[in-house]
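Notes to accompany the following structure.
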Amino acid sequence: MKQVLPTILLLLIPVLSVRADDGWTPVRDVPSLVSRFSEASSLVRSIECRFHQKKYVDVLVGTAESDGFYGYYAPDSVVIEYVSPDRYTITVTGDEIRYASAGMLTVRKLSSDRRLSGLADIMRTGGIPDPDRLDAFDIEAYENSSCYMFVISGPGLRKGGLEVVADRNDMSLVSFRLLEGGNDYTEFSFSDKVILRASSADE
């Protein structure tokens, strides 16, 4: 499984309407851009950063917001530590997920939680398909002066799809939004990123 560049991590209100007046213009050579993202992601050994999460669910009529710290450690470990408004930690290693809250620890298989499994996969890989799997997905890409945005739909993304924003200089994740059907979404935005990369010569 590919590493993220936050990459990883890996979160925006219903699908962004991409217009010229928003500063986004279409990228013509999407496969080349995906390959660049994949190459940059493959060099990531660890990522540590802050995150801000927004979650909107239509039936609750409101947006829940949280803050915390995110860590990714190659090849397959993710730590999501929530610090506000509630304190708890989610740790994913391989197919094992651990919830720690108020001194209580719960351990189970990640594959038993489809939604969290999908979220963890985005956190690990950045959500961009491998270049050799592009035919299975519908991907549009856009750019502005500082970022690239990928709009992705296809297998495993449920009804809404995924929007990923990456820094155009190092391809690290700026934000991603998982669209969950209707107006529902989960969005993560990342800041204060510390990224450890291998050199291409080490690969």
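The residues of the stretch 143-196 that are hydroxyl-bearing (Ser, Thr, Tyr) and under 22 Å from SER42 (Cα atoms), listed by number, are SER146, TYR148, SER172, SER175, SER189, SER191. Of all the criteria given as (1) modelled with pLDDT of 95 or more; (2) touching a Pro at 6+ places or on another chain (Cβ under 9 Å); (3) not aliphatic (A, V, I, L, M), the one not satisfied by TYR82 is (2). Test SER117 against the criterion of being among the hydroxyl-bearing types (Ser, Thr, Tyr), surrounded by fewer than 18 Cβ atoms within 10 Å (Cβ to Cβ), more than 16 Å from the chain's Cα centre (by Cα) and more than 16 Å from SER35 (Cα to Cα), and give yes or no. Answer is no for this residue.
Where strands (runs of 3 or more DSSP E) fall wholly inside the stretch 114-199, the ranges with 1 or more residues that are within 29 Å of THR89 (Cβ to Cβ) and either aliphatic (A, V, I, L, M) or modelled with pLDDT of 85 or more (or both) are 147-153, 161-167, 173-179, 185-197. If a residue must be assigned to a strand (DSSP E or B) and modelled with pLDDT under 95, how many such residues does the stretch 11-44 contain? Residues that pass the stated criteria total 1.
The values are calculated or read from the model by the stated rules, or taken from the named source; none is laboratory data. These numbers come from a predicted model, not from an experiment. As a convention, Cβ positions derive from the backbone with ideal geometry for all residues, glycine included, and neighbour counts pool all protein chains shown.
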